[in-house]
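Coordinate-derived values only; no laboratory data. Here the structure is a predicted model, which means the values were calculated and not measured. In this analysis, Cβ positions are derived from the backbone assuming ideal geometry, glycine residues included, and neighbour counts consider all displayed protein chains.
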Amino acid sequence: MKTVYYTATSLDGFIADEANSLDWLFQFGEPEPNTFDAFLEGVGAIVMGSTTYQWVYEHDFAVADHPQPWPYQVPTWVLTSRPLPSIVDADIRFVSGDVRPVHQEMISAAGDKNLWIVGGGNLAGQFYDVGLLDEMVVQVASVTLGSGAPLFPRRIDPPLQLLSTRTYGQNFVELRYKVPHPDQH
């Protein structure tokens, strides 16, 4: 069981543009093959920040004529400091504050599967800051955005340990890293 930050980024290190849009990413469609489906099978719980949750809600539930069902079949925690709308028939738990107290609950719910940090470099950084981030899997796309939401707004020291690289089509490279904890070097 690992806590994994799995995301896509532009070549210059942004996960969303300055308007919090993912259109830059959607232009590519689904790269084939990819590791997402296999990764998702290994996920037992999810945590996301309020901006990511709000984006999913606005794009799939609030304005859709026929709202989609919640896309995840595992418990999802949303870290937020503001009230957010809920989604019927979805196991979503709104929490605030430090990630440490709820991390144990998240990994217990995940069982022998992984905890996935969805979107939000700052959220992933909060797990890193307290030694709870184990792995980063980053799909790097062949575009630059110039500004936006940063991939990971933290300094990592000691450096990440590269576990693997893979290319997908002409537009993506996947980088998989182990995140060393400062006391493990």
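Note down the nm distance, to one decimal, between modelled labels 7 Å out along Cα→Cβ at residue 142 and at residue 166.
1.9
What residue among 35, 76, 52 has the largest mean-square fluctuation in a Gaussian network model of the chain, using Cα springs under 10 Å?
Largest GNM mean-square fluctuation: 35.
Over the chain, calculate the relative contact order: mean separation of alpha carbon pairs under 8 Å at least 6 apart, over the residue count, as a percent.
Result for the chain is 35 percent.
Apply the Karplus curve 6.51 cos²θ - 1.76 cosθ + 1.60, θ = phi - 60°, to the phi angles in the range 114-123 and return the couplings in whole Hz, x for Gly and Pro.
Calculated HN-Hα couplings, in order: 8, 9, 9, 8, 9, x, x, x, 5, 4 Hz.
When N counts the residues of the chain, how does its alpha-carbon radius of gyration compare numerically with 2.2 N^0.38 Å, as a ratio?
Relative to the 2.2 N^0.38 Å estimate, the chain comes out at 1.01.
Where the centroid of each part is defined by its Cα atoms, how far is the range 6-82 from the range 111-149 in Å?
Taking the Cα centre of each part, the range 6-82 and the range 111-149 sit 12 Å apart.
Multiplying the sequence separation of residue 35 and residue 23 by 0.36 nm and subtracting their Cα-Cα distance, what value in nm do you get?
2.2 nm
Quick one: 3J(HN,Hα) in Hz for the range 6-20, Karplus 6.51/-1.76/1.60 with θ = phi - 60°, rounded, Gly and Pro as x.
Along the range 6-20, the couplings run 10, 7, 10, 9, 6, 4, 9, x, 10, 9, 8, 7, 5, 9, 6 Hz.
Please pull out the direction-averaged projected area of the range 92-160, using the convex hull of its alpha-carbon atoms, in nm² to one decimal place.
Projected over every direction and averaged, the Cα hull of the range 92-160 covers 6.2 nm².
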